[in-house]
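Derivation of every value follows stated rules applied to the coordinates shown; laboratory data play no part. Predicted model only: the values in this text are computed from it and were never measured. Cβ placement follows ideal geometry from the backbone for every residue including glycine, while neighbour counts extend to all protein chains displayed.
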C-alpha cells in the first residue's frame, strides 16, 4: 500500500480498496485487463460491419470505480499532477472533450498505473507528459484561453 500511496491523489482509502479488490495483480497479465475487471472499458456494439463504442461497462466494483475517479480528480487538480494534469488540460482544451469523460479515461489510466507500480514493485516517479508531437507540453494560461 505504501507504493500505491506514492502516486499523487492515491491515499490510504483508495490504496486499501484497490488492494482488497484487485490484490497484487498477479492474476492479470496486463493493465488493460485490470481496467476491464473494474469496468472502465467501453461497451461494444456490433451490427454487421458497423462497430460502435458506447459508455463504460460498469461491470466491476462501483465503489472502487468511484474512488478511482475521485483520485483522478485529485491528481489532476494538485500541483504534483505531472503527466495526468497536463494530459487533462490538453484533452479538454484542444480536443473539446468533456471534463467528466476525460476524468474517467484518466481514472482508467490510473488503474493501469497502479497495476504497474504493484507488478514492478517500484515507487511512482513523477514525469512530464509528452504531447502528440513527442515534445514536453506545458500549457500556459494563454493557450487554455485561446
* Determine the calculated [θ] at 222 nm for the chain from helices alone, applying -39500 (n - 2.57) to every DSSP H run no shorter than 4 residues and normalising by the residue count; nearest 500 deg cm²/dmol. => -15500 deg cm²/dmol
* Structure fact -> Per the rule of 0.36 nm per residue minus the C-alpha distance, extending residue 74 to residue 47 adds in nm 5.8 nm
* Specify which labelled value, from (1) 117; (2) 103; (3) 137, agrees with volume of the Cα convex hull per residue in Å³ derived from the coordinates of the model shown. => (3)
* **Peptide ranges 49-56, 70-77 listed from the most packed, as the mean C-beta count within 10 angstrom indicates** => 70-77, 49-56
* What ranking, highest mean first, results for peptides 86-92, 126-132 when packing means the other Cβ atoms within 10 Å averaged over each residue? -> 86-92, 126-132
